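Trainee: My questions all concern the structure below.
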Amino acid sequence: MTNSARTATGVLDAHRNAGQTFTAGGIQSFLRTEGDGEPVACIHGMLGSSFGYRKVLHELAGRGLRGIAWDLPGFGLADRPPGHDYSWTGLGRFCVAAVNTLNLDRFHLVVHDIGGPVGFELAAACPERVASLTILNTVVDVIGWTPPWTMRPFRWPVVGELWAACMAPPAFRFLMKRQGIGDFSHVSKAELNTYLALMKGDDGGRAFLKVSRSAQTTEEKQELYRRVVGSRSYPVQVVWAVQDPAMPAATYGE
């Protein structure tokens with residue numbers, strides 16, 4: 001491990017240098033790609049960004065595919081406009097603009113966490129362009145859904161601001177040990193600190209709080225997402241981490 005890889009600043013710099021900025025739907029965002037072949041668009045979730053898919057992109061490239069991951073508005077290195085629509089609908093609309101900007105006429109789609117609902121919005125908008133759908137630990141039946149206890153305080157006014165402000169690296173790493181990462185031998189302290197830095201960004205996490213408070217747990221959305229997952233227009237596979245304490249398979253996967 002190089003000296004730069006031992007610090008969050010070094011890891012973040014390496015991440016930034018491995019990607020590029022692009023603009024879609026009037027929002028400047030950040031993009032990482034690796035490999036050639038059929039494109040695989042990977043949509044991240046909360047506490048994530050394109051940074052979370054960096055190792056997945058490498059694996060996809062090694063299998064003759066082109067891995068693609070971008071930062072949703074309010075996350076990572078993307079813009080965080082105060083007045084942006086951070087609902088699942090709004091983030092899905094950005095994804096449609098992103099695939100248009102990147103000229104992805106047909107692509108495989110991978111979704112995780114709230115990237116599930118966001119990616120389902122994308123698939124619903126252009127099902128003819130989806131070559132396949134891969135679901136990783138997410139939520140389809142959104143009625144009554146609540147985030148895990150580590151994320152729930154972000155949804156509450158005042159408490160959420162305090163929770164975000166107190167989220168120093170040691171506290172964040174503790175929570176990730178409880179609910180975020182199963183095998184810490186594969187993730188360094190510097191990488192975990194980078195996740196936190198990308199979550200807070202240059203606005204102190206204000207956009208992240210808006211995303212947390214903009215979940216659309218309605219009957220209309222549940223019906224839409226069920227149609228997307230049950231579509232016969234493309235193959236669908238589900239890959240679930242069975243020991244995920246935040247999204248247990250018995251509650252969400254089955």
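The values are calculated or read from the model by the stated rules, or taken from the named source; none is laboratory data. Note that the structure is a prediction, hence the values are computed from the model and not measured. All Cβ positions, even for glycine, are placed from backbone atoms using ideal geometry, and neighbour counts span all protein chains on display. Side chains included, ligands, DNA and RNA excluded: accessible areas come from the protein's heavy atoms. Shrake-Rupley method; radii C 1.70, N 1.55, O 1.52, S 1.80 Å.
Trainee: Answer with yes or no whether Trp149 is at pLDDT below 95 and open to solvent by less than 40 Å² (accessible area, probe 1.4 Å).
Mentor: Spelling it out, it is not the case that Trp149 is at pLDDT below 95 and open to solvent by less than 40 Å² (accessible area, probe 1.4 Å).
Trainee: List every residue pair whose Cβ atoms lie under 8 Å apart, where the two residues are 6 or more positions apart in sequence or sit on different chains, the first residue falls within segment 156-182 and is surrounded by fewer than 15 Cβ atoms within 10 Å (Cβ to Cβ), and the second residue, located anywhere, is charged (D, E, K, R).
Mentor: Gly182/Asp244
Trainee: Test of understanding: among Thr134, Thr89, which residue is part of a strand (DSSP E or B), under 15 Å from the mean Cα position of the chain (by Cα) and among the polar types (S, T, N, Q)?
Mentor: Result of the check over Thr134, Thr89: Thr134.
Trainee: If you don't mind, there's one more thing I want to ask. Which residues, taken from segment 1-52, are in contact with a Lys or Arg (Cβ under 7 Å, 6 or more places away or on another chain) and closer than 27 Å to Arg155 by Cα?
Mentor: Of everything in segment 1-52, those that are in contact with a Lys or Arg (Cβ under 7 Å, 6 or more places away or on another chain) and closer than 27 Å to Arg155 by Cα turn out to be Gly25, Ser50.
Trainee: Applying the selection to segment 64-77, what residues are closer than 16 Å to Arg54 by Cα and under 16 Å from the mean Cα position of the chain (by Cα)?
Mentor: Answer for segment 64-77, where residues must be closer than 16 Å to Arg54 by Cα and under 16 Å from the mean Cα position of the chain (by Cα): Gly67, Ile68, Ala69, Trp70, Asp71, Leu72, Phe75, Gly76, Leu77.
Trainee: Of all residues in segment 130-146, count the ones that are open to solvent by less than 40 Å² (accessible area, probe 1.4 Å), of a type outside the set (S, T, N, Q) and touching a strand residue (DSSP E or B) at 6+ places or on another chain (Cβ under 9 Å).
Mentor: Summing the residues that are open to solvent by less than 40 Å² (accessible area, probe 1.4 Å), of a type outside the set (S, T, N, Q) and touching a strand residue (DSSP E or B) at 6+ places or on another chain (Cβ under 9 Å) in segment 130-146 gives 5.
Trainee: Out of segment 209-253, which residues are farther than 22 Å from Leu91 by Cα, among the polar types (S, T, N, Q) and touching a residue at least 40 places away in the same chain (Cβ under 8 Å)?
Mentor: Across segment 209-253, the qualifying residues are Ser233, Gln237, Gln243.
Trainee: Has segment 101-117 got any residue that is at pLDDT 95 or above, in contact with a Gly (Cβ under 9 Å, 6 or more places away or on another chain), polar (S, T, N, Q) and under 20 Å from Gly25 (Cα atoms)?
Mentor: yes
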